[in-house]
Amino acid sequence: MNNHPNPMTSPLCLIENDHGELRTGEQALEYLRGISEPVVVVAVVGLYRTGKSYLMNRLAGKQAGFTLGSTIESKTKGIWMWCVPHPVKTGHTLVLLDTEGLGDVDKGDSKNDAWIFCLAVLLSSTLVYNSRGTIDNQALEKLHYVTELTEQIRVKSPDASSAEDEEEAEDSQFVMFFPNFVWAVRDFTLERKIDGRDSTEDEYLDFALKLKKGVGKNVNNYNLPRECIRNYFPSRKCFTFPFPTTPQNMSNLESMDVNDLFPEFRETADRFCEYVFAESRVKTVKGGQVVNGRMLNHLVRIYVKTITRGDVPCLENAVVAMAQIENQAAVQEAFRFYESGMEQVKNSFPLELDEILSQHKKINTMATEMFIERSFKDENGEYLKQLAETIDKHYADILHLNEQASEKKCRKLLMDFYAPVAQKLQEGCYAQPGGYEVYCRDRDNILAQYLNQGNKGVRAEDVLEEFMKERSAESNLILQADQKLTENEKRMQEERERTALMEQRVKAEEEKRKEMEKKLEEMSRSHEQRVKQMEEKMKRESCQQRKEMELAIESKLKEQRALLEKGFNEKADLMNKEIEHLRRHQPRGSGTKLLGGGWTLSSSGDAWGERRRAGVGLLVSPRLSTAVLQFVPVNGRVAPLRLQVAGEKSPTVVTAYGPNGSSERIRHFLMQQATQLLVQALVISGLDYCYYMSRYWSTVIGRPSSSKVSLKTRTTYTNEGKMDMKSFA
């Protein structure tokens, strides 16, 4: 089921095309923002008046919806959207995009057509190209928009790309992010025969995309659109639709009952819908992040804004911009959840610290999980840290309010219990022989009533200490005025008073110490939990990236085998370079290696999508090697190590971060809870840079050569003595 509260009964305009000016449709974007479940986006493109809208209506399970035209005029302008519950994938929304016809004579601006085609590619997870007649050279020439994608889409930001990266063709990475490609051939009347034998629809498409051998401009022009389709899209599928009805009834297609259409057409249309429902992937962006309706709304805004200001859409920039919006929203959403949950706790003030801690732990964990679930690409933990700081500040405010409530209640209790004593003081009941003994009895009764009173909160002992101090002068006056007591007895009573006051002070200080210890333990536990949750999140994102890369390489290898089978050895060699380019961005191995002298090196290899040949590792001394609990590399840029240090209650987490770009200095976020650690971080990167962290921490950076890492000679110090790093090169 589509989780939007209001089902969409008819399509909405997602992107308006007003005389060549592209604008977002706010009503459609608002609807997308209400969809929090993953989306499968199917877009249809093709020449105008080829029946694209009919296919979209069939996918929506409706007879009508997207406007069908029965004249030579293009009916669809811009891009229209229809969101319906996915008929096969529960918990997913099927987003159908019907684009305006390409090549409309009324527009006269082919550049505008190219941007419509480009947006359909960028937004969809399955792209349906709709054409009429047959797939011949003329049909492929009309699909020239696919050859222009290298000029209209960038994978990486030009600012972030190194010179070496720019030398590599970016289009080799298109296969990682582009949608599946489906060619729907309408009004197909030919026999599907190749070399005299019957062929399948997919074989027919592959035959039409067959490359021509030779050199020269004509051969290049012939091969270019075919190569683009073969190289850019991860999968290809073809459906050949016969005529749906007689020519006389074509203008009534929208109103005709499905059973009145030709059986062959119905059978092909059913197979087409079944394939799209079953094989269309969930929409993802660079890095493998699953897209929901709210994120798709961001993508539409970002891409249209980029195009309207005359820039080229960049996949990396779009993901970064979307991540910033989503992560900030995730912080706000998670904090609102925490704030709301703790508001109920405030209604029960005053409370003991353990009661508040219990609720704080539970709600804080749930809020963090909520943030982790929604956030993505928070590689440096910037937004998680922002959430933690916001929650910690609010938690401190809550503790302060609880202290105020406790103090207010305790003071009121004591003053209520003290009221009769104050009355006796005014009446002079204690200003007579034996009055001090009566006063002490009444005061002890006040203390007993106070101690027997429950739910006083965290300030109970402090307030009692202050009360006793305030009454000490009063007590001393009554003591000195009591003529029944000897001077020696008075001195003994004074000593008892001082002792009782001191004991209460010690008791109050002990309560403060215990509370502080609990607070610190909770801070440590909360930090440890956040680190663990973030590590798990980053590992999932790393797995998504690896899967994304593996699918791209698999697609390239398949295409390479096809080229070799057809005798295109030179093109297969070029394809091999593209495969190697992708593999160089693939995460390398990781693990723990035992070095000489009892030292161990836990390292993680290259991280795809980051600075090339970046790696990170932690070199652990023999003294600490037995304290290592777990090494959990997230990717080639983030490597956390867990240790159980003697004397520490909580595990210690050490995380080394590698560089994120050629313009950045190496960055380390070393999270430590122990103060006597003898771990050294060894970061292998493309920067020759040494950074000394503290007395117990030092970082040694080497410059990688062709296949192995050679370290510059560095001398580092720990409290174990001097160690020459050259021995580990």
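Regarding the stretch 199-209, can at least one residue be identified that is among the aromatic types (Phe, Trp, Tyr) and surrounded by fewer than 16 Cβ atoms within 10 Å (Cβ to Cβ)? Yes: the stretch 199-209 contains one or more residues that are among the aromatic types (Phe, Trp, Tyr) and surrounded by fewer than 16 Cβ atoms within 10 Å (Cβ to Cβ). Of all residues assigned to the stretch 247-261, none qualifies as being in contact with a strand residue (DSSP E or B) (Cβ under 9 Å, 6 or more places away or on another chain) and either in contact (Cβ under 8 Å) with a residue 60 or more places away in the chain or under 30 Å from Thr150 (Cβ atoms) (or both). Is it fair to say Ile307 is in contact with a Pro (Cβ under 7 Å, 6 or more places away or on another chain) and of a type in the set (Val, Ile, Thr)? It is true that Ile307 is in contact with a Pro (Cβ under 7 Å, 6 or more places away or on another chain) and of a type in the set (Val, Ile, Thr). Taken residue by residue, the stretch 579-600 has at least one member that is modelled with pLDDT of 70 or more, in contact with a Leu (Cβ under 9 Å, 6 or more places away or on another chain) and more than 30 Å from Leu224 (Cβ to Cβ).
This table checks each residue for (1) closer than 30 Å to Glu148 by Cα; (2) part of a helix (DSSP H, G or I); (3) among the polar types (S, T, N, Q).
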site: Phe188; (1), (2), (3): yes, no, no
site: Glu191; (1), (2), (3): no, no, no
site: Asp206; (1), (2), (3): yes, yes, no
site: Lys213; (1), (2), (3): yes, no, no
site: Val219; (1), (2), (3): yes, yes, no
site: Tyr222; (1), (2), (3): yes, yes, no
site: Pro225; (1), (2), (3): yes, yes, no
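Test Arg441 against the stated conditions and say whether it is loosely packed, with under 14 Cβ neighbours inside 10 Å and of a type in the set (D, E, K, R). Spelling it out, Arg441 is indeed loosely packed, with under 14 Cβ neighbours inside 10 Å and of a type in the set (D, E, K, R). Among the residues of the stretch 472-485, at least one is of a type in the set (S, T, N, Q), in contact (Cβ under 8 Å) with a residue 40 or more places away in the chain and in contact with a Pro (Cβ under 9 Å, 6 or more places away or on another chain).
Only one of the numbered conditions (1) over 59 Å from the mean Cα position of the chain (by Cα); (2) buried (at least 17 other Cβ atoms within 10 Å of the Cβ) is violated by Met549, and that is (1). Scanning the stretch 317-373 for residues that are more than 19 Å from the chain's Cα centre (by Cα), free of Cβ contacts under 8 Å to residues at least 24 places away in the same chain, part of a helix (DSSP H, G or I) and exposed (fewer than 15 other Cβ atoms within 10 Å of the Cβ) gives Ser340, Glu343, Gln344, Ser358, Lys362. The residues listed here are Gln504, Gln493, Gln560, Gln545; of these, the one that is touching a Phe, Trp or Tyr at 6+ places or on another chain (Cβ under 8 Å), more than 30 Å from Pro640 (Cα to Cα) and not aliphatic (A, V, I, L, M) is Gln493.
In the stretch 528-539 there is at least one residue that is under 21 Å from Gly381 (Cβ atoms), touching a strand residue (DSSP E or B) at 6+ places or on another chain (Cβ under 7 Å) and modelled with pLDDT of 75 or more.
Okay, residues lined up against (1) aromatic (Phe, Trp, Tyr); (2) farther than 15 Å from Met523 by Cβ:
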site	(1), (2)
Glu352	no, yes
Asn380	no, yes
Ala388	no, no
Lys412	no, yes
Phe417	yes, yes
Val421	no, yes
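Could you please let me know if Glu379 is in contact (Cβ under 8 Å) with a residue 60 or more places away in the chain and among the charged types (D, E, K, R)? So Glu379 passes the test.
In the stretch 282-294, the residues that are without any contact (Cβ under 8 Å) to a residue 40 or more places away in the chain and in a strand (DSSP E or B) never reach a residue that is surrounded by fewer than 21 Cβ atoms within 10 Å (Cβ to Cβ) and not β-branched (Val, Ile, Thr) with C-beta atoms less than 9 angstrom apart, at least six apart or across chains. Summed over the stretch 63-95, residues that are of a type outside the set (S, T, N, Q) and at pLDDT 85 or above total 16. Would a scan of the stretch 151-158 turn up a residue that is modelled with pLDDT under 90, within 20 Å of Met575 (Cα to Cα) and surrounded by 14 or more Cβ atoms within 10 Å (Cβ to Cβ)? Within the stretch 151-158, one or more residues are modelled with pLDDT under 90, within 20 Å of Met575 (Cα to Cα) and surrounded by 14 or more Cβ atoms within 10 Å (Cβ to Cβ). Checking each residue in the stretch 227-269 for being within 22 Å of Phe181 (Cβ to Cβ), of a type in the set (S, T, N, Q) and in a helix (DSSP H, G or I) picks out Asn231, Thr268.
Here is a yes/no grid of residues against (1) part of a helix (DSSP H, G or I); (2) among the hydrophobic types (A, V, I, L, M, F, W, C); (3) within 19 Å of Thr499 (Cβ to Cβ); (4) in contact with a strand residue (DSSP E or B) (Cβ under 7 Å, 6 or more places away or on another chain):
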residue	(1), (2), (3), (4)
Arg411	yes, no, no, no
Phe417	yes, yes, no, no
Gln423	yes, no, no, no
Asp442	yes, no, no, no
Val463	yes, yes, no, no
Phe467	yes, yes, yes, no
Ser472	yes, no, yes, no
Gln483	no, no, no, no
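Residues in the stretch 266-295 that are buried (at least 23 other Cβ atoms within 10 Å of the Cβ) and either under 24 Å from Tyr54 (Cβ atoms) or of a type in the set (Lys, Arg) (or both): Val276, Ser280, Lys283.
The values are calculated or read from the model by the stated rules, or taken from the named source; none is laboratory data. Everything numeric here is computed off the predicted structure, so don't read it as measured data. Don't worry about glycine lacking a Cβ; one is built from the backbone with ideal geometry, like all the others, and counts go over all protein chains shown.
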